[in-house]
Amino acid sequence: MDFIDLEWYQYALIIGAGLIAGFINTLAGSGSLLTLPLLMFIGLPPTVANGTNRIAIMLQSLVGSVGFRKQGALNLRAGLMLGIPSVLGSVAGALIALAINAKAMERAVGILLIFMFFVVLFKPEAWLKGRQEKDLSASKWLNFLIFFLIGVYGGFVQAGVGFFLLGGLVLGAGLDLVKANAIKNLLVFLYTPFALAVYMIGNQVDYKAGLILSIGSMAGAWLGTRSAVSWGPVFVRYVLLVAVLVSAIQLIFF
C-alpha cells in the first residue's frame, strides 16, 4: 500500500500521542483508544490504523519488558508460559478483525470495563499487595483458556486488552500491580508480532506512520517502567482506575 503523506505538525501530533499512549499502556492499558482515532484522523482506514498501531505496540512493549526486567520486576518464566496461549489467540483475533466490524465487541468490552472499575475501586488490597503467588502450572488448562481468549481480543482490536491481562495476572495469579504490569508487557510483546504479521500479509499496515508513532510510544514506555517501580502499586492503581473509566466511556458511547 502507498504510505500516507503527513504535514509537519502531524509528525509532532503522532509522536506526542505515542508518548502518552506508551506511558498509559505500560502502567495500565488502552492507550490505543488514543492512537487508533488519531491514525484514522490523519487519513488511515480503520483496518489499516489497527494494523499500523501494532508496530508501536510491539516496540513499546519490548521497551517496557526490558525496563521491568532490568529493575527486577519481571518473572520471565511465568510470562513465557502464559505467552503461548496469548500468541495463539492473537493470531485468531487478527484473522477475525480483517473480516468483521469491531464496534459491537468494543461496546461489550466497555460494559465489562465498568465492572472492572468497581472491582479495582472497592477491592484495593488485591491490586496493591497481591497474594501469595500461585504456581501457574497448577491450573494450566484454565490459564491457557483465559489467556487464549484475552489473546483473541488483543489480536482483534488491542484497545483495552491490558486491563484484562492485568485482571488475570492480579486476581488469578496473585501478583501485585507492578509485577503484573511487567508480565503484561512481556505477553503483549510476545503476541503482537504474530498479529502484526497477519495485518502485513493483508497489506493493512502503513510502516511510515507506525514507526513515527513508535518513537513516542517507546519513550512513554520507558517513563512508565520507571514510574511503576519507583512509585509502586498505589500510583499504578490510580492510573489504572482513571484509564479503565475513560476507556469504558469511550468504548460504550463513542
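Values for this structure:
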quantity: Candidates ALA197, ALA209 - the one that is crowded, with 20+ Cβ neighbours inside 10 Å and either in contact with a helix residue (DSSP H, G or I) (Cβ under 9 Å, 6 or more places away or on another chain) or in contact (Cβ under 8 Å) with a residue 12 or more places away in the chain (or both); calculated: ALA209
quantity: Candidate set from segment 1-16 (those that are farther than 26 Å from GLY202 by Cα and within 23 Å of the chain's Cα centre (by Cα)); member that is surrounded by the most Cβ atoms within 10 Å (Cβ to Cβ); calculated: LEU13
quantity: Contacts under 6 angstrom Cβ, first residue in segment 17-35 being at pLDDT 85 or above, partner part of a loop (DSSP other than H, G, I, E, B) and crowded, with 24+ Cβ neighbours inside 10 Å, 6 or more apart; calculated: ALA21/GLY31; ILE24/GLY31; ASN25/GLY31
quantity: Residue satisfying all of: in segment 51-72; crowded, with 23+ Cβ neighbours inside 10 Å, out of contact with any Phe, Trp or Tyr (no Cβ under 8 Å at 6 or more places or on another chain) and of a type in the set (A, V, I, L, M); nearest to VAL246 (Cα to Cα) among these; calculated: ILE57
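Listed here are the residues, each with its yes/no results for (1) at pLDDT below 85; (2) among the small types (Gly, Ala, Ser); (3) surrounded by 14 or more Cβ atoms within 10 Å (Cβ to Cβ).
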position	(1), (2), (3)
LEU38	no, no, yes
ALA49	no, yes, yes
LEU74	no, no, yes
LEU88	no, no, yes
ARG131	yes, no, no
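Conditions (1) closer than 30 Å to TYR11 by Cα; (2) buried (at least 21 other Cβ atoms within 10 Å of the Cβ); (3) touching a helix residue (DSSP H, G or I) at 6+ places or on another chain (Cβ under 8 Å); (4) touching a residue at least 24 places away in the same chain (Cβ under 8 Å), marked per residue:
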position: GLY174; (1), (2), (3), (4): no, no, no, yes
position: LEU186; (1), (2), (3), (4): yes, yes, yes, yes
position: ILE201; (1), (2), (3), (4): yes, no, no, no
position: GLY216; (1), (2), (3), (4): yes, yes, yes, yes
position: ALA219; (1), (2), (3), (4): yes, no, yes, yes
position: ARG226; (1), (2), (3), (4): yes, no, yes, yes
position: VAL244; (1), (2), (3), (4): yes, yes, yes, yes
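The values are calculated or read from the model by the stated rules, or taken from the named source; none is laboratory data. Note that the structure is a prediction, hence the values are computed from the model and not measured. With ideal geometry, Cβ positions are generated from the backbone for all residues, glycine too; neighbour counts draw on all protein chains shown.
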